[in-house]
């Protein structure tokens, strides 16, 4: 445990103790006072965690999406698939994803300059062959073909 974590843990424990003692004293150490103290501490810890906590980094290199072009799994669930990419890429990504949902897999490049990425879009089928989801791969998950050899992009 590094010193920053140790220091913050001591401050957190001290703060929790002070809030608990202060509210309990103000409410005369009754059961209701203890419950109110615990509720206040819980609310403060949750608010601090939400405010100062690190947001989950989403990796758009593997995206499962629905027929409505909405992300179906992971930390970005519920967002439109086009929201993951810059404006210059959205039209190409959306077109390829719609083709994948129609059962036609594709490999394509989108964007320009340093924002250029290679993608693969394909259908996810049930055992009877019905397309239920689409899958979009990008970045290092898409192999590059050079002279008949597969070379992973980095």
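The values are calculated or read from the model by the stated rules, or taken from the named source; none is laboratory data. Bear in mind the structure is a predicted one, so any value in this text is a computation, not a measurement. Positions of Cβ are backbone-derived with ideal geometry, glycine not excepted, and every protein chain shown enters the neighbour counts.
Every condition in (1) at pLDDT below 90; (2) buried (at least 17 other Cβ atoms within 10 Å of the Cβ); (3) more than 21 Å from the chain's Cα centre (by Cα) holds for residue 99 except the one numbered (1).
Taking the criterion of being more than 20 Å from residue 79 (Cα to Cα), assigned to a helix (DSSP H, G or I) and free of Cβ contacts under 8 Å to residues at least 12 places away in the same chain, the residues of segment 90-124 that qualify are 113, 114.
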